[in-house]
């Protein structure tokens with residue numbers, strides 16, 4: 001399936017870029033005139049995915065996070081967040097709510113939020129090679145009251 | 001991202017302002033904890049009225065403060081959570097730990 005529009009955003013894994021990443025993705029999707037709830041869902045999921053890259057994948061170094069946003073026919077949005085970091089040893093375990101390998105006050109809810117705020121969550125990971133997270137959302141069709 | 005802390009008697013109120021993510025959480029946590037340690041309150045209120053965004057880093061922050069208030073025998077209240085913030089909180093089961101008052105947002109999301 002070929003996208004009708006696409007943007008690629010590469011950014012360094014500095015935590016100060018978390019806000020930029022979610023706002024940049026939301027700005028691109030704004031052309032579909034999504035609802036406020038849809039935009040918030042997408043911002044939250046992107047924030048989780050990028051935070052995972054910073055906290056987990058590149059915990060030892062600053063490196064590049066690759067984000068691709070694709071818009072398909074019929075208001076389908078696919079967001080890919082990819083890193084070349086440490087990879088996840090056990091993806092199934094990592095996706096369990098409340099499970100975290102990070103210390104401090106990480107809640108272990110990143111994947112749970114992505115999964116419940118988006119329609120589909122796909123995670124591929126290879127130890128030492130990196131992780132790719134694909135977030136899919138079907139935007140609703142709505143009739144606008146005021147043009 | 002900022003936090004304004006108000007101390008009245010035995011009540012510490014922390015008003016969050018801006019976007020709460022992993023980047024912002026550390027300094028906010030420090031400021032709230034400093035005030036809890038200094039004032040030994042019986043009630044801690046975290047007010048989300050002016051918070052425009054929150055991801056699961058905010059859950060970590062609230063859970064951490066829940067543990068801290070428990071340790072000193074204080075109660076934790078969460079107020080004015082917008083629909084987006086409440087949606088993140090509900091996922092964590094936080095409403096079982098702390099009193100959440102959704103303020104003026106309540107009717108907006110009850111379907």
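Values in this text are rule-based calculations from the coordinates and carry no lab data. Remember, predicted model here, so these are calculated numbers, not experimental data. FYI the Cβ positions are ideal-geometry reconstructions off the backbone, even for glycines, and counts take in every protein chain you see.
How do B:35, B:82 line up, fewest other C-beta atoms within 10 Å first?
B:35, B:82
Mind sorting A:62, B:32, A:71 by how few other Cβ atoms lie within 10 Å of their own Cβ, fewest first?
A:62, A:71, B:32
Relative to the longest principal Cα axis of chain B, at what angle does helix B:22-39 sit, 0 to 90 degrees, rounded to 10?
Result, in degrees: 40.
Taking only DSSP H segments of four or more residues, each worth -39500 (n - 2.57), what value at 222 nm results for chain A once the sum is divided by all its residues, to the nearest 500 deg cm²/dmol?
Value at 222 nm, helices only, nearest 500: -8500 deg cm²/dmol.
Relative contact order for chain A: what percent, with Cα pairs under 8 Å and sequence separation of 6 or more?
Across chain A, relative contact order equals 26 percent.
What percent do you get for the relative contact order of chain B when only Cα pairs under 8 Å and 6+ apart count?
Worked out over chain B, it gives 24 percent.
So what's the angle, to the nearest 10 degrees on a 0 to 90 scale, between helix B:56-71 and the longest Cα principal axis of chain B?
Helix B:56-71 sits roughly 40 degrees off the main axis of chain B.
Based on Cα coordinates alone, diagonalise the gyration tensor for region B:2-109, multiply each eigenvalue by 5, take square roots, and list the semi-axes in whole Å, largest first.
Square roots of five times the eigenvalues give 20, 15, 13 Å.
Note down the Stokes-Einstein diffusion coefficient of the protein assembly as shown in µm²/s, whole number, using a Kirkwood radius over alpha carbon pairs, 37 °C, and 0.692 mPa s.
For the chosen part, D equals 172 µm²/s.
Any chance you could give the angle, 0 to 90 degrees and rounded to 10, that helix A:36-52 forms with the longest Cα principal axis of chain A?
On a 0 to 90 degree scale, this one is about 20.
How large are Rg and Dmax for region A:5-138 when calculated on the C-alpha trace, in angstrom?
My reading of the Cα-based Rg and Dmax gives 14.0, 42 Å.
Could you order the peptides A:90-103, B:41-54, B:91-104 from most to least packed, using the average number of other C-beta atoms within 10 Å per residue? Write out the running numbers ahead of the final one.
On the way: A:90-103: 13.6, B:41-54: 20.2, B:91-104: 15.8.
Descending mean neighbour count gives B:41-54, B:91-104, A:90-103.
Determine the relative contact order of region A:45-117: mean sequence separation of Cα pairs under 8 Å and six or more apart, normalised by residue count, in whole percent. Working shown, then result.
On the way: 79 pairs, mean separation 23.7, N = 73.
Computed over region A:45-117, the figure is 32 percent.
What's the center-to-center distance, using Cα atoms, between region A:35-80 and region B:44-59 in Å?
21
Could you work out [θ]222 nm for chain B from helices alone, using -39500 (n - 2.57) per DSSP H run of at least four and dividing by all its residues? Round to the nearest 500 deg cm²/dmol.
Rounded to the nearest 500, the figure is -13500 deg cm²/dmol.
Sort A:23, A:133, A:46, A:123 so the one with the fewest other Cβ atoms within 10 Å of its own Cβ comes first.
Fewest-to-most Cβ neighbours within 10 Å comes out as A:23, A:123, A:133, A:46.
For region A:4-69, count the residues as N, evaluate 2.2 N^0.38 Å, and divide the Cα radius of gyration by that value, please.
The value comes to 1.13.
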